[in-house]
Amino acid sequence: IYFGYKIGIREPFLEQMVDAAIDLSQQINPQMLEQREFIKRLARVEEARFLQTLDRGLTLLDEVIERERPTKRIPGRDAFALYDTHGLPLELTIEVALSHGYEVDRAGFDAEMELQRERSRGDEAFTAQHDDRALRYAVLGIETAFVGYDGLDARSEVLHLEHDGEPVARLDTGQ
């Protein structure tokens, strides 16, 4: 999407590529044919969303590049803000920085990411709820770890179920 943007494409175009990919992989994944319209719609929506992110993020990155002209280095704090607040992937920040002859303070970015992880792990956000869910959860004594920064998939084990505030052995659809 970035390279399309770079050559002036400001409208979603990946949907056409999705058609070709589905056609090429239909023998291996026949279910993709059945889901063609859904996949294309999803690609269109996500690409349009990312184009907005890209437009805003690249504008902000250009401002950082101009400000940091003397150092030719994007501070980790700025790279992290572009990622965390504005949705610009670090890899893209690095790509654009390199194309301008800049480097990105990766160690600074990693330090900011770790600080964000620590903030996310804190109890403050969870216990700030105005009901007793946090207290009920704390009483269970179950340790959890947020792994969303490290990957898109994770395995987990359900250790406790509740319905209407009461422990239950199973839940039915809709509960």
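Structural remarks
- Subset of segment 40-57 [of a type outside the set (D, E, K, R) and either over 17 Å from the mean Cα position of the chain (by Cα) or open to solvent by 80 Å² or more (accessible area, probe 1.4 Å) (or both)]: LEU42, GLN52
- From the options TYR102, TYR83, residue that is under 17 Å from the mean Cα position of the chain (by Cα), of a type outside the set (Val, Ile, Thr) and surrounded by 15 or more Cβ atoms within 10 Å (Cβ to Cβ): TYR83
- With a requirement of 1 or more residues that are out of contact with any Phe, Trp or Tyr (no Cβ under 8 Å at 6 or more places or on another chain), within 17 Å of GLY148 (Cα to Cα) and at pLDDT 95 or above, the helices (runs of 4 or more DSSP H) lying completely within segment 57-122 that satisfy it span 106-121.
- Test result for GLU37, open to solvent by 90 Å² or more (accessible area, probe 1.4 Å), assigned to a helix (DSSP H, G or I), out of contact with any helix residue (DSSP H, G or I) (no Cβ under 9 Å at 6 or more places or on another chain) and under 21 Å from GLY101 (Cα atoms): no
- Inter-residue pairs, beta-carbon under 7 Å, first on the phi > 0 side of the Ramachandran plot and in segment 81-94, second assigned to a helix (DSSP H, G or I), 6+ apart: GLY87/THR53; GLY87/GLY57
- Beta carbons closer than 7 Å, at least 6 apart along the sequence or on distinct chains, pair a first residue in segment 1-29 that is without any contact (Cβ under 8 Å) to a residue 40 or more places away in the chain with a second that is open to solvent by 70 Å² or more (accessible area, probe 1.4 Å) for PRO12/ARG44; GLU15/ARG44; ILE22/LEU33; GLN26/LEU33.
The values are calculated or read from the model by the stated rules, or taken from the named source; none is laboratory data. Keep in mind the model is a prediction, meaning the values are calculated, not measured. Backbone-built Cβ (ideal geometry, glycine too); neighbour counts: all protein chains shown. The protein model used for the area step is the full one, side chains on, heavy atoms only, and it has no ligands, DNA or RNA in it. Shrake-Rupley method; radii C 1.70, N 1.55, O 1.52, S 1.80 Å.
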